[in-house]
Amino acid sequence: MVFVPLGSTLRTLLYENELLKAASLYSLKGRLLNISFPLSELSYNPDRRQFNALMLLEQIYRIKKDFELCMGVTASDIYVPQMNFVFGIADVSRGCAVLSIFRLTFGRYGDNQEIFRERVLKEAAHELGHLLGLNHCKNRECLMSFSNSLSEVDIKKPILCEKCLGTLKMLSE
């Protein structure tokens with residue numbers, strides 16, 4: 001599992017341990033590339049002041065090459081059409097995903113870095129779950145629960161529920 005910094009690497013590097021821990025939750029060996037790729041200029045929407053996550057996903061697919069699984073990580077805000085923002089997006093058929101830490105590392109918690117670290121861990125692990133074939137879960141505390149707000153991210157636990165664990169086991173057989 002390779003994590004690829006997109007855009008500025010400084011904020012991404014602050015959360016390297018959480019990204020690697022997300023990979024280890026699935027018994028994957030993760031590594032963060034020590035080079036950063038610029039965000040695709042074509043993916044920027046100046047009216048929204050956000051980057052189109054679908055276009056970034058395409059960029060990651062082109063970077064992916066020989067890596068089995070690849071996740072682009074950016075400190076910029078991302079969206080998909082018909083949504084105000086997304087924390088991340090995954091394409092299981094191509095083995096690539098994009099994660100934004102932009103909204104995960106801000107909030108009402110002031111300087112509490114631990115909550116920010118846990119959010120990054122959960123959402124990175126969530127997107128990895130998709131790459132491994134898991135769908136969204138209705139259990140709000142499950143790692144694979146869909147999150148559309150920080151409060152929904154905070155409710156989740158950094159583990160899969162029993163149902164999702166069973167599904168993952170079945171998918172890996």
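Summed over the stretch 117-136, residues that are over 18 Å from GLU162 (Cα atoms) and in contact with an Asp or Glu (Cβ under 9 Å, 6 or more places away or on another chain) total 7. When the stretch 85-138 is filtered for residues that are more than 18 Å from LEU54 (Cα to Cα) and hydroxyl-bearing (Ser, Thr, Tyr), the ones remaining, listed by number, are THR105, TYR109. In the stretch 22-46, the qualifying residues are those that are closer than 18 Å to GLU68 by Cα and in a helix (DSSP H, G or I), and the one that is most open to solvent (accessible area, probe 1.4 Å) is SER24. Taken across the stretch 65-75, residues that are open to solvent by 10 Å² or more (accessible area, probe 1.4 Å), outside any loop (DSSP other than H, G, I, E, B) and under 21 Å from THR9 (Cα atoms) do not occur at all.
Candidates in the stretch 4-21 are the residues that are touching a helix residue (DSSP H, G or I) at 6+ places or on another chain (Cβ under 8 Å) and more than 11 Å from ILE101 (Cβ to Cβ); of these, the one that is surrounded by the fewest Cβ atoms within 10 Å (Cβ to Cβ) is ASN17. Return a yes/no flag: does the stretch 86-106 have any residue that is without any contact (Cβ under 8 Å) to a residue 40 or more places away in the chain, open to solvent by 30 Å² or more (accessible area, probe 1.4 Å) and more than 20 Å from LYS122 (Cα to Cα). Yes, that holds for at least one residue. Within the stretch 127-154, the set of residues being in contact with a helix residue (DSSP H, G or I) (Cβ under 8 Å, 6 or more places away or on another chain), in a helix (DSSP H, G or I), modelled with pLDDT of 95 or more and among the hydrophobic types (A, V, I, L, M, F, W, C) comprises LEU128, VAL153.
The values are calculated or read from the model by the stated rules, or taken from the named source; none is laboratory data. Remember, it's a predicted structure, so these values are computed and weren't measured experimentally. Backbone-built Cβ (ideal geometry, glycine too); neighbour counts: all protein chains shown. Heavy atoms of the whole protein, side chains included, go into the accessibility calculation; ligands, DNA and RNA do not. Shrake-Rupley method; radii C 1.70, N 1.55, O 1.52, S 1.80 Å.
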